[in-house]
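Notes follow the structure.
Every number here is computed from the coordinates shown, using simple stated rules; none is lab data. Quick caveat, the model's predicted, so the values are computed rather than measured. Glycine also receives a Cβ, built like all others from the backbone with ideal geometry; neighbour counts cover every protein chain displayed.
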Amino acid sequence: MSTAARTLDTQELEQRVKGMYEEVARDPDGDFHFETGRALAERLGYPAADLDRIPAAAIDSFAGVGHFLDLAALEPGDAVLDLGSGSGMDSFLAALAVGPDGHVVGVDMTEEQLAKARRLADEGGIDNVEFRQGYVEDPPVDEEAFDCMISNGVINLSPDKAAVFAAVARALRPGGRLALADIVSAEQLPQGVTCDASLWAACIGGAMQRDGYREAIEGADLEIVEWRENEQYRFVSERADNAVRKYGVTSISLLARRLRGGTDGR
Ligand SMILES: C[S@@+](CC[C@H](N)C(=O)[O-])C[C@H]1O[C@@H](n2cnc3c(N)ncnc32)[C@H](O)[C@@H]1O
């Protein structure tokens, strides 16, 4: 088939993404296009003292792309939604920050990730966090129920990013925060990359061009407050590295707020 005629098969993509992150839950030291684990987390800026306070096995399966919890500025009592919570590292850190009066919901579509996160919460007696199976495009949560939404390395994996940001705006209370790390590209990726489900599942093929990514957020009535580049993040396979260098695929962290509506429009 010619490159121009190729399209992304979203069902195949979902199976690839699930397969890859099942492996990350089961065998975090396996051979991936990306790094995992504690050394990565520390390099990205997660304080070691915070990591020491959560289950180590959640850190082993960490496959995020940046640090953003400083931007989230979680307060005791906050309700937090973690989109694509994986084995739960960010959810557990958020649970520490919001304390017993707060609550964290992690949503993920991959059974092995959920099972691991739930087991670690049980074993650690962490009872202000729960993990729900669902899609980030339509998470199983109430409207306007959250003070803050977080997400790490996930939205690039969705073939419908506008649906994800619309879901974020629905689930946040007015004025609520979205803090995330994700992968974007300097240039629009060609079909040879975007239609490669394996590169997509490795957090490269689904990277949206950075201006389009900003527009997708702002189109959902979210205002971007801060945007920063995560130069510490790198892909590890040669194939990934080629795409990264050619198209400027990089990691960013950002903070956005849901506009309030009302007379001043904020
Ligand atoms: C790169 S991993 C990151 C996991 C976690 N945030 C972390 O930092 O370790 C991506 C996660 O998003 C989940 N995921 C990908 N696409 C999803 C979708 N459309 N709906 C729900 N979960 C999704 C995967 O199952 C996987 O656990």
Under 5 Å between amide H atoms, partner at least 5 residues away or on a different chain: which partners does Ala79 have, H built in plane at 1.01 Å?
His103, Asp147, Cys148
In whole Hz, the Karplus estimates of ³J(HN,Hα) for the range 56-63 (6.51, -1.76, 1.60; θ = phi - 60°; x where Gly or Pro) are 4, 5, 5, 5, 4, 9, 5, 10
Which whole-Hz ³J(HN,Hα) couplings does the range 110-119 yield from phi under the Karplus relation 6.51 cos²θ - 1.76 cosθ + 1.60, θ = phi - 60°, glycine and proline marked x?
9, 4, 5, 5, 4, 4, 5, 4, 5, 4
Can you classify the chain as rounded, prolate or oblate using the Cα gyration tensor, where a ≥ b ≥ c are the square roots of its eigenvalues, rounded means a/c under 1.5, and otherwise it's prolate if a/b beats b/c and oblate if not?
oblate
Note down the relative contact order for the chain as a percent, whole number, built from C-alpha pairs under 8 angstrom at least six residues apart.
21 percent
Quick check for you: which residues of the range 211-255 have the amide N under 16 Å from the point 7 Å beyond the Cα of Ala39 toward its beta carbon?
232-237
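With an 8 Å cut-off on Cα pairs and a minimum separation of 6 or more residues, tell me the relative contact order of the range 1-78 in percent. Before the final figure, lay out the partial values.
Working: 40 pairs, mean separation 22.8, N = 78.
It rounds to 29 percent for the range 1-78.
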Plugging the Cβ-Cβ distance of Arg173 and Asp70 into 1/(1 + (r/R0)^6) at R0 = 22 Å yields, to the nearest 0.05, a FRET efficiency of 0.55
Karplus-derived 3J(HN,Hα) from phi for the range 10-26 (6.51 cos²θ - 1.76 cosθ + 1.60, θ = phi - 60°), whole Hz, x at Gly and Pro, runs 5, 6, 5, 4, 4, 5, 5, 5, 4, x, 5, 7, 4, 5, 5, 6, 7
Lys246 versus Arg119, label points 7 Å from Cα toward the beta carbon: distance in nm?
4.0 nm
Can you list the lysines whose alpha carbon sits under 22 Å from that of Lys161, skipping same-chain ones fewer than 8 residues off?
Lys18
Which one, Thr250, Ala163, Ala181, projects farthest toward the positive side of the charge dipole computed for the chain from Cβ point charges (K/R +1, D/E -1)?
Thr250
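Dividing the Cα radius of gyration by the Kirkwood radius, what Rg/Rh value follows for the range 94-208?
Working: Rg = 15.6 Å, Rh = 15.5 Å.
When Rh is taken as the Kirkwood radius, the ratio is 1.01.
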Sum -39500 (n - 2.57) across every DSSP H segment of at least 4 residues in the chain, then divide by the residue count to get the 222 nm mean residue ellipticity, nearest 500.
-10000 deg cm²/dmol
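Based on the Cα atoms of the range 1-114, what semi-axes does the equivalent ellipsoid have, where each is the square root of 5 times one gyration tensor eigenvalue, given in whole Å with the largest first?
Working: eigenvalues 170, 55, 35 Å².
Value: 29, 17, 13 Å, ordered largest first.
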